[in-house]
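The values are calculated or read from the model by the stated rules, or taken from the named source; none is laboratory data. Note that this is a predicted model, so its numbers are computed, not measured. Backbone-built Cβ (ideal geometry, glycine too); neighbour counts: all protein chains shown.
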């Protein structure tokens, strides 16, 4: 592990917010599993909680942290350190610490109560969602110098992916209900990492039977190992692309 | 040592640097002067790679600096306003930079001792006064014994005692044959330090002269008067 990442991780772990985040996640997870009598129901409840809180905390905390690191970045830039290395270290530092707190808060209870395929997949999905939203935070904080604007963009993006996107999809579904758009819907989900994550888990929880015809089409695609592979690949792209754009911008930025 | 070729930089519509050409060699002590907002800091930051010029190239020790970063180990930079992570202490900042660079050069801790920073090691950066922050910046700039020192308004905000210490230090480094680049508004302070003057105005280098040249061409003994003389001459034209 390089030395800059070490400094960043130590600095974040000293931060009380990450500690509180870990504790809240762990209270949620342990209580959900001990309230429900079977672990599948527990996972389902937990899924909804995770898909709302994890992206929000990841994106907002990371954006604020990046803005607050501007002095740190400036200090390092006058030293013989490659620009992209500073940005990468910041990304790894943030991702590692948030992944760690997700693992401690949610991962351990999942492994304890539901050490099944779905449990493991849920853990993976949680890791991916965390990383995707850290990556989105990097993009939103490089877009503007204004901290308030940057955090605003981050929250808007979260709101869009967590709530608005589903509304739009529902609207589309109703408007175009006369047409056979079920197959297209599979493609549309690729544009929202949260939906992608949700569908991946739901289809492995055997509740997809309640989702009607669209559910069957989804099951046909995401139920296969090829579908799972594609879904994770798309999540991976969601990590790479926003960060890559921000890296290009950071390399040309004047400080 | 530093070759600047046709550098231009615009921030939006504002042209901050306009076709700047400069060449600085070893052993020189150069004052970069000019009114506020004439592009001094932008020029310095371009040399450090913190600002990326719109046009032109910069060479450091015969190598282009774009896409390069290792050359910065030969530069000690003291910013005009040092900004440091708020929640770190002076000690932690110094330790961190030392650890990240992990360089094997003999550390130069003269300023650390003379400014008595050791007593303040546990103070957080956010609680420091402007002057103390400047002391930390100066210490960091000289710490790794760099070949080139770039000091942006080094004495602004320092008390007379500290600024005298810093001046002594600059003179002793100059005698070791290092290249020193200073920006300052206090011309009287520079009298016994510098060998050359670069005067900038609105992003353009007006002249780059040695002190002897300047003094003989204007017939003045003091740098400040010589500069004033030149400016008056220009205004009359």
statement: Taking segment B:118-131 and the residues there that are out of contact with any strand residue (DSSP E or B) (no Cβ under 8 Å at 6 or more places or on another chain) and within 14 Å of chain A (Cβ to nearest Cβ), the one that is surrounded by the fewest Cβ atoms within 10 Å (Cβ to Cβ) would be B:126
message: Being at pLDDT 80 or above and outside any helix (DSSP H, G or I) is the filter here; which residues of segment A:205-254 pass it?
response: A:224, A:252, A:253, A:254
statement: Contact list, first residue from segment A:88-106 and free of Cβ contacts under 8 Å to residues at least 60 places away in the same chain, second anywhere and assigned to a helix (DSSP H, G or I), beta-carbon distance below 6 Å, six or more apart or interchain, is A:95/A:131; A:95/A:134; A:99/A:127; A:99/A:130
- request: Just name the residue that is surrounded by the most Cβ atoms within 10 Å (Cβ to Cβ) out of those in segment B:40-56 that are more than 12 Å from chain A (Cβ to nearest Cβ) and over 13 Å from the mean Cα position of the chain (by Cα).
  value: B:56
Meets criteria (farther than 30 Å from residue B:147 by Cβ and assigned to a helix (DSSP H, G or I)) for residue A:66: yes
message: Quick check on residue A:92: is it more than 13 Å from every other protein chain (Cβ to nearest Cβ), touching a helix residue (DSSP H, G or I) at 6+ places or on another chain (Cβ under 7 Å) and assigned to a helix (DSSP H, G or I)?
response: yes
message: Can you find a residue that is more than 14 Å from chain A (Cβ to nearest Cβ), modelled with pLDDT of 90 or more and within 23 Å of residue B:48 (Cβ to Cβ) anywhere in segment B:134-151?
response: yes
- request: Mind checking which helices (runs of 4 or more DSSP H) fall wholly inside segment B:168-237 and carry at least 2 residues that are surrounded by fewer than 18 Cβ atoms within 10 Å (Cβ to Cβ), more than 17 Å from the chain's Cα centre (by Cα) and free of Cβ contacts under 8 Å to residues at least 24 places away in the same chain?
  value: B:211-218, B:223-236
statement: Filtering segment B:90-105 down to residues that are at negative phi and in a loop (DSSP other than H, G, I, E, B) yields B:103, B:104, B:105
- request: Mind counting the residues in segment B:16-39 that are in contact (Cβ under 8 Å) with a residue 24 or more places away in the chain and either in a loop (DSSP other than H, G, I, E, B) or within 14 Å of chain A (Cβ to nearest Cβ) (or both)?
  value: 10
query: Quick check, is residue A:75 in contact with a helix residue (DSSP H, G or I) (Cβ under 8 Å, 6 or more places away or on another chain), without any contact (Cβ under 8 Å) to a residue 40 or more places away in the chain, within 14 Å of chain B (Cβ to nearest Cβ) and assigned to a helix (DSSP H, G or I)?
result: yes
- prompt: Taking segment B:91-117 as the region of interest, how many residues are farther than 22 Å from residue A:85 by Cα and away from chain A (no Cβ under 13 Å)?
  reply: 13
message: For segment A:1-13, give me each residue that is within 23 Å of the chain's Cα centre (by Cα) and within 8 Å of another protein chain (Cβ to nearest Cβ).
response: A:11
message: Given the options A:62, A:58, A:34, A:26, name the one that is away from chain B (no Cβ under 14 Å) and closer than 30 Å to residue B:94 by Cα.
response: A:62
task: Scan the helices (runs of 4 or more DSSP H) fully inside segment A:106-181 and keep the ones with 3 or more residues being farther than 23 Å from residue A:200 by Cβ and modelled with pLDDT under 90.
output: A:165-175
Odd one out for residue B:156 among (1) surrounded by 17 or more Cβ atoms within 10 Å (Cβ to Cβ); (2) under 14 Å from residue B:78 (Cβ atoms); (3) out of contact with any strand residue (DSSP E or B) (no Cβ under 6 Å at 6 or more places or on another chain): (1)
message: If I ask for residues that are closer than 17 Å to residue A:79 by Cβ, more than 8 Å from chain A (Cβ to nearest Cβ) and not in a loop (DSSP other than H, G, I, E, B), which ones from segment B:60-89 would you list?
response: B:60, B:74, B:76, B:78
